[in-house]
1. Take the residues in region 1-38 that are surrounded by fewer than 17 Cβ atoms within 10 Å (Cβ to Cβ), within 22 Å of residue 98 (Cβ to Cβ) and in contact (Cβ under 8 Å) with a residue 24 or more places away in the chain; name whichever of them is farthest from the chain's Cα centre (by Cα).
2. Can we say residue 153 is within 14 Å of the chain's Cα centre (by Cα) and either closer than 25 Å to residue 275 by Cα or in contact (Cβ under 8 Å) with a residue 40 or more places away in the chain (or both)?
3. Of the numbered conditions (1) crowded, with 18+ Cβ neighbours inside 10 Å; (2) more than 30 Å from residue 27 (Cα to Cα), residue 194 satisfies every one except a single condition; which is it?
4. Select from region 235-259 the residues that are surrounded by fewer than 20 Cβ atoms within 10 Å (Cβ to Cβ) and either closer than 29 Å to residue 205 by Cβ or at pLDDT 95 or above (or both) and list them in ascending order.
5. If you go through region 201-234 one residue at a time, how many are surrounded by fewer than 20 Cβ atoms within 10 Å (Cβ to Cβ) and out of contact with any helix residue (DSSP H, G or I) (no Cβ under 9 Å at 6 or more places or on another chain)?
6. Which residues, taken from region 153-176, are more than 17 Å from residue 188 (Cβ to Cβ) and either crowded, with 24+ Cβ neighbours inside 10 Å or touching a strand residue (DSSP E or B) at 6+ places or on another chain (Cβ under 8 Å) (or both)?
7. Looking at (1) in contact with a helix residue (DSSP H, G or I) (Cβ under 8 Å, 6 or more places away or on another chain); (2) at pLDDT 95 or above; (3) part of a helix (DSSP H, G or I), find the lone condition where residue 158 falls short.
8. Which condition does residue 108 not pass, out of (1) without any contact (Cβ under 8 Å) to a residue 24 or more places away in the chain; (2) within 12 Å of the chain's Cα centre (by Cα), if it passes all the others?
């Protein structure tokens, strides 16, 4: 008598509800950015719009490998990482539209905001400068004897900057619990990787610092999760810094206004066929870990959530001009506290 084929267990110790949750964050990231594109074209987004199309997989998977108490520093294409750590679509929408109700009270745009209570530190710059900052944060973990880990994202171009060198070298010498994810997405703005470094695999740069280095397919969500999980475990065990190169592709220009004339259509088409979300859905459904109905239910959930988020904040006012200097100068000790509420970026690492 023939026996039915057994469904293989999900990889990396993930449960089915976790696989569903990962898909939720993948879909939420892409759909939220698609909604932002519509708002941008309507002139309702203030400033630039930076898409992560094609890179959502590595952002979500790497952040999902962290534990409560760990801290990450995202770049402009790591919206998915921030959502995993607890940022909400409403916060992101308000930021992009510079609303007075935004986390930065309309003083910054896009994903330039912090919530250290939830575990993410907004970027200063995308040119490697957050590496030494995160080295300092993880040094504080080590000095306090806390088993916490820091994760910082940089682009391929940033590996050629002095800030990257200084930050990684310091973290390596101090054996800090830091994971450095290098997003090898092909371009530093419009500069191809081969024009700014001769290293074929950016993980090879780890050898110069005496730290662990590895490369992973950045469009394989589960592979990125497993590789990051291993690097985080090394850091938490006191084994020092890891440099993880995720090989992916930026399928949009540097920002929405960028016409991508420096990227060939064949190159774009090839990477579109290697879409991380499509690959993830195909794998989890083919293996029987999620059924198509569960996937469709997540899609419906995300649509409803984003509809509600936009409706709740699209008519929020912009900041009043009279508040422009609030929080810039210290208040007179004898006067009431400044009108500016304490925004998220002032929260401490301890919440």
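The values are calculated or read from the model by the stated rules, or taken from the named source; none is laboratory data. This one's a predicted model, so the numbers in the text were calculated from it and none came from an experiment. We place every Cβ from the backbone using ideal geometry, glycine too, and count neighbours over all the protein chains shown.
1. 37
2. yes
3. If we test residue 194 against (1) crowded, with 18+ Cβ neighbours inside 10 Å; (2) more than 30 Å from residue 27 (Cα to Cα), just (1) comes out false.
4. 236, 237, 238, 239, 240, 253, 254, 255, 258
5. Matching residues across region 201-234 total 6.
6. The answer is 167, 168, 171, 176.
7. With (1) in contact with a helix residue (DSSP H, G or I) (Cβ under 8 Å, 6 or more places away or on another chain); (2) at pLDDT 95 or above; (3) part of a helix (DSSP H, G or I) applied to residue 158, the lone miss is (2).
8. In the conditions (1) without any contact (Cβ under 8 Å) to a residue 24 or more places away in the chain; (2) within 12 Å of the chain's Cα centre (by Cα), residue 108 misses (2) alone.
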